[in-house]
Amino acid sequence: MTMQRTLGLAAVAAAIAVGVAPATARADYGDGGDEGDGHGLLSNLELSLGIGIIDRGTTGTGGSTLLGLEYDHAGGPYASFDARLFFDEDEEYFHHGFALRLLGTSGSALFGSAYGMRIAVLDAAYALRVSCPCMTSGDRRWFVTGMLGVTGAYTDAGTGSGDGDLTNERRAAATELDHVALGGVLAFDFAVHFAALVVGLGVDLRYLGAIDSPVARTFAASAGLRFGADLDL
């Protein structure tokens with residue numbers, strides 16, 4: 001999957017997240033209560049870009065012949081796009097919502113041509129954001145967010161890292177190891193909000209099983225920073 005396609009998917013995800021933001025207003029309070037505050041069903045939309053490090057292990061990639069070429073294991077940088085939508089629930093410290101994240105990595109090869117596996121991941125998760133009032137001051141607010149959901153990945157196998165030995169085996173792997181996988185994701189995030197600006201530090205764990213492929217399963221752990229905006233709706 002090319003970087004242009006990855007960025008295109010990120011733009012589509014952002015458009016979807018922004019498009020669902022308008023919602024019907026809540027009914028006014030009755031039985032002598034205060035009138036509604038005019039908020040809608042939704043409270044906040046967080047949009048952010050992330051960078052970090054991911055470490056991946058994959059089984060069923062061809063045995064010992066291809067070891068060390070970043071088919072079975074690779075670590076390196078990733079880039080991501082993140083959208084989180086939270087509901088307005090008259091709750092000061094807790095907000096429930098949903099999160100979408102698009103992440104891309106090519107192992108240690110960055111976005112070069114010599115890579116073992118280039119992977120595009122899409123997470124869809126339930127999110128719980130908790131405010132930290134003891135650390136809040138003025139426009140500076142701190143939040144802890146936990147996310148649990150499903151994840152899917154498309155993997156484009158390359159000809160591997162390193163020198164040009166095993167040419168035939170590398171070419172075969174580049175064809176046979178392309179695959180789609182589905183699984184689960186668990187993530188935690190600690191972020192500070194300066195008014196609308198968001199800076200966060202997070203860790204993610206993913207487990208994926210390949211579909212109709214000689215590849216069996218993938219486990220990946222990642223940690224990174226994200227930078228973005230928290231928009232009131």
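Of note:
- For segment 80-233, the convex hull spanned by the alpha carbon atoms encloses 113 Å³ per residue.
- For segment 103-158, the set of trypsin sites (Lys or Arg not before Pro) satisfying both a DSSP loop assignment and a count of at most 13 other C-beta atoms within 10 Å is empty.
- Shown here for segment 52-131: GluC sites (Glu not before Pro) in loop regions (DSSP other than H, G, I, E, B) with at most 14 other Cβ atoms within 10 Å, namely E89, E91, E92.
- Once divided by 2.2 N^0.38 Å, the Cα radius of gyration of segment 63-104 becomes 2.11.
- For chymotrypsin sites (Phe, Trp or Tyr not before Pro), the sites in segment 82-153 that DSSP calls loop and that have at most 11 other Cβ atoms within 10 Å are Y93.
- Using equal-weight Cα scatterers in the Debye expression, the normalised intensity of segment 145-229 in log10 at q = 0.21, 0.24, 0.25, 0.26 Å⁻¹ is -0.96, -1.08, -1.11, -1.15.
- Amide H contacts of S161 (H built 1.01 Å from N, under 5 Å, at least 5 apart or other chain): E70, G116
- Theoretical FRET efficiency, 1/(1+(r/R0)^6), r = Cβ-Cβ of S137 and V203, R0 35 Å, to 0.05: 0.85
- Paramagnetic reach from L148 in segment 203-231 [backbone N under 18 Å; point 7 Å along Cα→Cβ]: 203-208
- Extension gain, A124-A221: 0.36 nm per intervening residue step, less the Cα-Cα distance, totals 33.2 nm.
Readers should treat all values here as calculations from the given coordinates under stated rules, not as data from a laboratory. Quick caveat, the model's predicted, so the values are computed rather than measured. Glycine also receives a Cβ, built like all others from the backbone with ideal geometry; neighbour counts cover every protein chain displayed.
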